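J.: Before we start, here is the structure in question, set down as structure tokens.
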Amino acid sequence: MTGQAKTVIHFTAFALLMWCALLVLYWPGLAGPFVFDDYSNIVQSQAVIGAEKSISGLLSGAFSGNAGPLKRPIPVASFILTDWIFGDSAQPYKWGNLTVHWLCSVLVAVLSYLILALKYSSSGRTVWAGMIAGILFAVHPLQLTSVLYVVQRMTSMAAVFMVAALICQVIFYRSPVSNIRYRLFLIGGYILFWAMAMFSKENALILPLISLVLHWAIVPDRVKGKDGLYLFSLGCMRIYALLAVLYVIWNISKGDVVFSTRPFSMYERLMTESGVLLFYLKLWLWPDPSAMSLYHDDTVIRSSILDPVVVFSIAAICVILLSALLVKKRLPFFALAVLWFFVGHLIESTFVGLELVHEHRNYFPAVGLFVMMGAGAFWLLENCRRLALLVVCGSFVLVYAAATHSRAIDWHSAESLVLSEVERRPLSPRANLDSAAFFADKMNSEGKASESSEEFKLAKLFYKQASLAPQGGVAGYSHLVILYQDVGLYPASGLLLDLAEKLSEGRQRPYDWRAFVDILICQSEGRCKLTSKDISLLISAAMDNQKLAKVHRAAIAGAASTVALSFSDLEVAIYYSVVAYQHYPEDPQAAVNLAVLLLSSGRGDEMPELFEKINDMVLTENQRQSLDNAKSRTERY
């Protein structure tokens, strides 16, 4: 049997054992619920649950996602297929995520083996070292949210394709210069996998930079060819890297940017992310489950470059990067891991206005760290007895696996998840809001809407904690108002004044404004019965907030218009409807609402441009019916 055949057999057996191990570790969490962005991207997404069961419907739905500029059609298509085959239960989606994670872990093992073989020549030791890197990647608890948080299939799928592209790159380095057709095939494979990664998640833009890091840190001089294909591909990557770095510098240097839907600016984000990156490294080095969470929205926002935490974090990052550059010849895999990690975070941890902290962002950037651990295993195989390797690597695997299984147990049900999250992050607004919402929903669904019920008391407690958290916003106060109304209590004046104060100040998160809109919807539907004076106080406070984003101002104004109608105040309803349309004229619902109100009041001729614009809009059946009914009533009278 040839050495290559033995390698294939070893990796096949490894893949099967890996699947069994991952199944045991993640089994409890596979029965868990959808969470967080799963709802907007899957459960409530018409692109997924509303896709027509046909090839054209699949393609149309895949390119109708709203998660990123490129629509992320590959993972969205996989969500659609899961819905078609298995229905809307969360469990099949989580099984799909586990399969993708398993595949990525196997590919990380193969990539680690190929990189080690490129550096030191192929042997049984490089095979074992590669498999150790793969198993460590697979069982590390930092990967859990990429598996059990369903929508993060976008992250893991992108990683699968990027690792596959890097495998093509390493094989290209090892291929004979004379075999031009094979080398062109590998270049084509790299480009194809890169494109597939891009259509899974846009952070795949960093792949050529990772390729350059790999080339710089690992590829030995004996492999660096002088043929045209090699020089052309290397030149293209260098040009791309230069343009990417210049683009990042240009975005940062042109001045601070205020993110209308975030409670921080770009410079505040950059300063805060310096500490976040060290926090990620700490989670990798010391995988303490109590420090890991679905939410990290209690992270303190850093506003000054002179903040001691910012100074220390930037200094530490500079020391780590400088160390990697200085020891590159003696510790090439350390240099690879460090630069891979920081380059991997160039998009999600710099100037883009994303949320500050999420563990799944480390899925691909951490691959280099596990390749380094594989190199460490190779060194143990070369210089120590196998017992040393078994003890060291076995200890890592057992610690990682125990932590992952512990977290998976917490994810086995909605109740255990929300309570474990709030226990880990007691100052997290979202963790408290999720716990409160769980008990409030349980109270209402089980007919226990009473101030004496245990569910009411727990919901009230967690909503208060969300309101009083340092990073808390409008949402906790808003849901407290609704909770009191659910049990027939009128909110205390102090609560309404606190809510009004929160509404009028600062930049809130999108879910804060959605929570306030929920009050207005509750009021217009008759479930909430606030006085016109109190509801006007709240609406005015929100509309007076100068930092309120246009899209949120439009949503609040639109809901306020409906509230005014519930008080039979047509003039105020029209006023707020006009405000909603002016701030979000592209929204068909805002346009239709205004048109219906104008027609109902006999003022349909006041805004002819509105009706012309509606004719060019794509309306739903309900929107078209509402407009037609209003026109019919106008013509009748």
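The values are calculated or read from the model by the stated rules, or taken from the named source; none is laboratory data. No experiment lies behind these values; they were computed from the predicted model shown. All Cβ positions, even for glycine, are placed from backbone atoms using ideal geometry, and neighbour counts span all protein chains on display. Accessible surface areas use protein heavy atoms only, side chains included; no ligands, DNA or RNA. Shrake-Rupley method; radii C 1.70, N 1.55, O 1.52, S 1.80 Å.
J.: How high is the FRET efficiency from residue 409 to residue 619, r the C-beta distance, R0 56 Å, rounded to 0.05?
T.: The value I calculate is 0.70.
J.: Can you give me the relative contact order of the chain as a percent, contacts being Cα pairs under 8 Å and 6 or more apart?
T.: It comes to 12 percent, rounded to a whole number.
J.: Helix 153-174: angle to the longest alpha-carbon principal axis of the chain, degrees 0 to 90, nearest 10?
T.: Helix 153-174 sits at roughly 20 degrees to that axis.
J.: Something else: Quote to one decimal, in nm, the extra length available between residue 511 and residue 546 on full extension: 0.36 nm per residue of separation minus the C-alpha distance between them.
T.: Computed gain between residue 511 and residue 546 is 10.8 nm.
J.: Taking a probe of 1.4 angstrom, what is the accessible area of residue 155 in Å², to the nearest 10?
T.: 10 Å²
J.: Through the Karplus equation 6.51 cos²θ - 1.76 cosθ + 1.60, θ set to phi - 60°, convert the phi angles of the range 87-97 into ³J(HN,Hα) values in whole Hz; use x for Gly and Pro.
T.: Once rounded to whole Hz, the list reads x, 9, 5, 6, 4, x, 5, 5, 4, x, 4.
J.: Ignoring ligands and nucleic acids, what accessible area does residue 153 show with a 1.4 Å probe (Å², nearest 10)?
T.: Estimated to the nearest 10 Å², residue 153 gives 10 Å².
J.: Let me ask you something else. Quick one: accessible area per residue over the chain, 1.4 Å probe, rounded to a whole number of Å²?
T.: Result: 45 Å² of accessible area for each residue.
J.: Something else: Given R₀ = 45 Å, what would the calculated FRET efficiency be for residue 454 paired with residue 86, taking r from the Cβ atoms and rounding to 0.05?
T.: After rounding to 0.05, the efficiency reads 0.80.
J.: Can you give the charge dipole size of the chain about its Cα centre, rounded to the nearest 20 debye, using +1 on the beta carbon of Lys and Arg and -1 on the beta carbon of Asp and Glu?
T.: That gives a dipole near 3000 debye.
J.: Determine the order of 603, 425, 385 by accessible area, beginning with the largest, at a probe radius of 1.4 Å.
T.: 385, 603, 425
J.: Can you grab the distance from the C-alpha centre of the range 195-210 to the C-alpha centre of the range 560-629, Å, no decimals?
T.: 42 Å
J.: Taking the Cα atoms only, what angle lies between the long axis of helix 510-524 and the longest principal axis of the chain, rounded to 10 degrees?
T.: 30 degrees
J.: Give the distance, in whole Å, between the Cα centre of the range 413-457 and the Cα centre of the range 110-147.
T.: The distance from the Cα centre of the range 413-457 to that of the range 110-147 comes to 41 Å.
J.: Could you tell me how many degrees, from 0 to 90 and to the nearest 10, lie between the Cα long axis of helix 429-445 and the main elongation axis, the longest principal axis, of the Cα atoms of the chain?
T.: Between helix and principal axis, roughly 60 degrees.
J.: Additional query: Could you please put 297, 616 in sequence from largest to smallest accessible area, using a 1.4 Å probe?
T.: Largest accessible area first, the residues go 616, 297.
J.: Now for a separate question. Among 167, 81, 136, flag the residue with its Cα farthest along the positive direction of the charge dipole of the chain, charges on Cβ as +1 for Lys/Arg and -1 for Asp/Glu.
T.: Most positive-ward Cα: 167.
J.: Moving to a separate point now. How much length is gained if the chain between residue 191 and residue 60 is pulled fully straight, taking 0.36 nm per residue apart and subtracting their Cα-Cα distance, in nm to one decimal?
T.: 44.7 nm
J.: Let me ask something additional. So for 150, 343, what's the accessible-area order with a 1.4 Å probe, most first?
T.: These residues rank, largest area first, as 343, 150.
J.: How much of residue 86 can a 1.4 Å solvent probe reach, expressed as accessible area in Å² and rounded to 10?
T.: Accessible surface of residue 86 is approximately 130 Å².
J.: Tally up the carbon and sulfur contribution to the accessible surface of the chain as a whole percent, 1.4 Å probe, everything protein left in place.
T.: Roughly 63 percent, rounded to a whole number.
J.: Please work through the chain and write down the cysteines that have no neighbouring cysteine Cβ at a distance under 4.7 Å.
T.: Lacking a cysteine Cβ partner under 4.7 Å: 20, 104, 168, 236, 318, 384, 393.
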